[in-house]
Amino acid sequence: MGEAVETSAICVGVLFIVGFFKFFLGFPLQAFGIIPRTLWGLVGIACSPLIHASPAHLMANAVPLFVLLTLLLLDKRYYPVRTLGLIWLASGLGTWLIGRPAVHIGASSIIYGLLIYLIASGFMMKSWRSAFVALLVLICYGGIIYGVLPQRGPVSWEGHLSGAVAGYWAALKNHD
């Protein structure tokens with residue numbers, strides 16, 4: 001358990017380091033977000049989950065990302081490195097393909113991917129442990145699922161939807 005917590009803390013710590021450069025040193029990192037259907041926007045597939053619009057945005061993503069990453073890393077049967085890579089890439093590509101013309105940033109696409117992955121894996125793995133994790137995740141974070149629906153404003157529902165689809169796809173790939 002210690003290794004999973006430590007690795008998750010390091011991953012979330014990277015978000016805070018990037019946030020320090022953006023919020024306190026004024027680096028214009030927004031330009032490295034996903035800009036749908038543009039060549040430069042492809043860079044955002046790799047960079048956008050690390051960049052947040054405000055300290056509040058960063059904090060809103062840090063806690064669920066830490067919890068979900070820890071749960072993922074606790075069980076090697078989740079194939080954590082492959083799963084995180086698939087969700088990161090597929091959610092970014094999905095956002096790049098379907099996103100409205102705006103800069104899409106933040107780790108919420110990864111959060112939605114991990115959320116759906118852990119829930120779907122709970123059914124696909126057919127183990128009590130994975131079912132318990134799925135139920136725990138659904139109880140604690142299931143209320144955010146509505147965020148995949150189209151909405152006005154600066155929230156990237158396209159990233160949420162792409163992350164959710166990527167999480168389900170990763171579960172299918174890992175547990176077929």
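So that you can scan it fast, the table gives a plain yes or no per residue for (1) surrounded by 20 or more Cβ atoms within 10 Å (Cβ to Cβ); (2) closer than 27 Å to Gly26 by Cβ; (3) of a type in the set (Asp, Glu); (4) over 16 Å from the mean Cα position of the chain (by Cα):
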site: Pro55; (1), (2), (3), (4): no, yes, no, yes
site: Val63; (1), (2), (3), (4): no, yes, no, no
site: Val67; (1), (2), (3), (4): no, no, no, no
site: Leu74; (1), (2), (3), (4): no, no, no, yes
site: Ile87; (1), (2), (3), (4): yes, no, no, no
site: Pro101; (1), (2), (3), (4): no, yes, no, yes
site: Gly106; (1), (2), (3), (4): yes, yes, no, no
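Can you name the helices (runs of 4 or more DSSP H) wholly within region 1-85 that have at least 2 residues being closer than 27 Å to Ala134 by Cα? Quick ask: steps written out before the conclusion?
Details: elements: 2-19, 43-47, 55-74.
Of the helices (runs of 4 or more DSSP H) lying wholly inside region 1-85, those with at least 2 residues that are closer than 27 Å to Ala134 by Cα span 2-19, 55-74.
Which residues, taken from region 86-110, are outside any helix (DSSP H, G or I), over 20 Å from Thr7 (Cβ atoms) and in contact with a helix residue (DSSP H, G or I) (Cβ under 7 Å, 6 or more places away or on another chain)? Spell out how you get there, then give the answer.
If we filter region 86-110 for residues that are outside any helix (DSSP H, G or I), which is where we start, we get 99-107.
Then keep just the ones that are over 20 Å from Thr7 (Cβ atoms); that gives 99-106.
The answer is Gly99, Arg100, Val103, His104, Ile105, Gly106.
Test each condition in (1) in contact with a Phe, Trp or Tyr (Cβ under 7 Å, 6 or more places away or on another chain); (2) of a type outside the set (Ser, Thr, Tyr); (3) more than 21 Å from Ala9 (Cβ to Cβ) for Pro55 and report the one that comes out false.
In the conditions (1) in contact with a Phe, Trp or Tyr (Cβ under 7 Å, 6 or more places away or on another chain); (2) of a type outside the set (Ser, Thr, Tyr); (3) more than 21 Å from Ala9 (Cβ to Cβ), Pro55 misses (3) alone.
Within the group Gly92, Gly33, Gly41, which residue is touching a strand residue (DSSP E or B) at 6+ places or on another chain (Cβ under 8 Å), surrounded by 15 or more Cβ atoms within 10 Å (Cβ to Cβ), within 14 Å of Ala170 (Cβ to Cβ) and not hydrophobic (A, V, I, L, M, F, W, C)? Before the answer, list the steps.
On the way: Gly33 fails: within 14 Å of Ala170 (Cβ to Cβ); Gly41 fails: within 14 Å of Ala170 (Cβ to Cβ).
After ruling out the rest, the residue left standing is Gly92.
Just so you know, all these numbers are worked out from the coordinates, no wet-lab data involved. Small disclaimer: the values here were computed from a predicted structure and weren't measured. For neighbour counting, all protein chains shown are included, and Cβ atoms are generated from backbone atoms with ideal geometry for every residue, glycine included.
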